[in-house]
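To start, the structure itself, in structure tokens.
The values are calculated or read from the model by the stated rules, or taken from the named source; none is laboratory data. Here the structure is a predicted model, which is why all the values come from computation and not from measurement. As a convention, Cβ positions derive from the backbone with ideal geometry for all residues, glycine included, and neighbour counts pool all protein chains shown.
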Amino acid sequence: MTTFARENPKREELACKGILFIWLTTEPTIMVGRFNRMGLVCRNCLMKALSTFLRREIEVIGAGRTDAGVHASLMVAHFDSDELLDTTSVTDKLNRLLPPDISIYRVCRVRPDAHARFDATARTYKYYVTTSKYPFNRQYRWRLYNQLNYERMNEAARILFEYNDFTSFSKLHTDVKTNICHITHAEWTQEEDATWVFTIRADRFLRNMVRAIVGTLIEVGRGKLTVEGFRRIIEQQDRCKAGTSAPGQALFLVNVEYPESIFECDDQQSSITGEPSVADNL
């Protein structure tokens, strides 16, 4: 839908209804709970900054929500714009208006029907475990006291690719219509001598799903559950059969991906994978 700015005839060709996507992050020490349902505190700060900059009330829609206590080193949101904005200027002005613990990576222009949540094609999470005691990252790691068999855990993780119904790893009594997800990556990798990271990518995730998968894989690594036992848990589609959920503080949402078709030609970028991750710098 096209509208015209009568008070400025030179802008008649530029003023149009559209949507802009925002990629943002916050300081981890502030992120606990902030990004639950895109975090009310962070969302309100962003809406206030946008409203101040554009001099009108702005509603912001986030790409999704995380479990309570889970971090997001990258989140995407969108807002409607009735005028063609300079995305570089918007990025700069928002970073000036927002508090120091919230940072905007970039703002880009997308099609008028684009949606930050429903157009996402993939999301990536990382979960961090460590066997060392280090005071400065204790809020962002799950400290374990025994060595795990990560080779066996990766063997079990590869089984996830063979299934798409993950009822066994979904929080009970939720209002979701389907438990079908398509996992395309699931792997444990060593980051430091005492730190391992589980990276998982899928088109969507159920509530508590990643934490439940991690908790169950830890049981495999401890030798309390076999690889075939892990398979049976998936097939039984019963949350009570899976392991205890891993703590939320070690889990980070690190990427959200979109099809290039939703971006305007001069703003195409389906994800911000090249940006530094807060989680990776801890």
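Would you point out the residue of the stretch 190-238, among those that are surrounded by fewer than 20 Cβ atoms within 10 Å (Cβ to Cβ) and of a type in the set (Lys, Arg), that is nearest to TYR145 (Cα to Cα)?
Per the stated criteria, the residue is ARG222.
Mind listing just one residue for me: the one in the stretch 175-199 that is assigned to a strand (DSSP E or B) and more than 18 Å from the chain's Cα centre (by Cα) and, of those, nearest to LEU225 (Cα to Cα)?
Here the answer is TRP188.
Quick one: ALA63 ticks every box in (1) touching a helix residue (DSSP H, G or I) at 6+ places or on another chain (Cβ under 9 Å); (2) under 30 Å from ARG207 (Cα atoms); (3) at pLDDT below 90 bar one, so which box is it?
ALA63 satisfies every listed condition except (1).
Can you say whether PHE136 is out of contact with any strand residue (DSSP E or B) (no Cβ under 9 Å at 6 or more places or on another chain), surrounded by fewer than 15 Cβ atoms within 10 Å (Cβ to Cβ), assigned to a helix (DSSP H, G or I) and not hydroxyl-bearing (Ser, Thr, Tyr), as far as the supplied structure shows?
yes
Determine which member of the set LEU85, LEU94 is at pLDDT 80 or above and either basic (Lys, Arg) or in a loop (DSSP other than H, G, I, E, B) (or both).
Exactly one residue qualifies, and that residue is LEU85.
For VAL129, indicate whether it is in contact with a Leu (Cβ under 8 Å, 6 or more places away or on another chain), aliphatic (A, V, I, L, M) and more than 19 Å from SER245 (Cα to Cα).
When the stated conditions are applied, VAL129 does not pass them.
Check off (1) in a loop (DSSP other than H, G, I, E, B); (2) loosely packed, with under 15 Cβ neighbours inside 10 Å; (3) not assigned by TED's automatic domain parsing to the domain that holds ASP203 for ASP80 and give me the number that stays unchecked.
With (1) in a loop (DSSP other than H, G, I, E, B); (2) loosely packed, with under 15 Cβ neighbours inside 10 Å; (3) not assigned by TED's automatic domain parsing to the domain that holds ASP203 applied to ASP80, the lone miss is (1).
Counting only residues that are surrounded by 19 or more Cβ atoms within 10 Å (Cβ to Cβ) and among the aromatic types (Phe, Trp, Tyr), which one in the stretch 139-161 is nearest to LEU225 (Cα to Cα)?
Only one residue fits best here, namely TYR150.
If you take the residues in the stretch 114-133 that are of a type in the set (D, E, K, R) and closer than 22 Å to LEU24 by Cβ, which one is surrounded by the fewest Cβ atoms within 10 Å (Cβ to Cβ)?
We begin by selecting, within the stretch 114-133, every residue of a type in the set (D, E, K, R); these are 117, 119, 123, 126, 133.
If we keep only those that are closer than 22 Å to LEU24 by Cβ as well, we get 117, 119, 123, 126.
On the way: ARG117: 15, ASP119: 20, ARG123: 22, LYS126: 23.
Only one residue fits best here, namely ARG117.
Going through VAL227, VAL220, VAL197, VAL210 one at a time, which residue ends up being under 14 Å from LYS171 (Cα atoms) and among the β-branched types (Val, Ile, Thr)?
Details: VAL227 fails: under 14 Å from LYS171 (Cα atoms); VAL220 fails: under 14 Å from LYS171 (Cα atoms); VAL197 fails: under 14 Å from LYS171 (Cα atoms).
Exactly one of VAL227, VAL220, VAL197, VAL210 is under 14 Å from LYS171 (Cα atoms) and among the β-branched types (Val, Ile, Thr), namely VAL210.
Among all residue pairs at least 6 apart or on different chains, which show Cβ distances below 6 Å where the first residue, located in the stretch 139-160, is in contact (Cβ under 8 Å) with a residue 24 or more places away in the chain and the second is hydrophobic (A, V, I, L, M, F, W, C) and surrounded by fewer than 19 Cβ atoms within 10 Å (Cβ to Cβ)?
Close Cβ pairs (under 6 Å, with a partner that is hydrophobic (A, V, I, L, M, F, W, C) and surrounded by fewer than 19 Cβ atoms within 10 Å (Cβ to Cβ)) amount to TYR140/LEU282; GLU155/VAL227; ALA156/VAL227.
Please go through the stretch 142-174 and pick out each residue that is touching a helix residue (DSSP H, G or I) at 6+ places or on another chain (Cβ under 8 Å), at pLDDT 95 or above and either at positive phi or part of a loop (DSSP other than H, G, I, E, B) (or both).
Those that are touching a helix residue (DSSP H, G or I) at 6+ places or on another chain (Cβ under 8 Å), at pLDDT 95 or above and either at positive phi or part of a loop (DSSP other than H, G, I, E, B) (or both): LEU144, LEU148, ASN149, TYR163, PHE166.
Go through the stretch 229-282 and count every residue that is under 22 Å from PHE166 (Cα atoms), among the polar types (S, T, N, Q) and either at pLDDT below 90 or part of a loop (DSSP other than H, G, I, E, B) (or both).
So the count comes out to 3.
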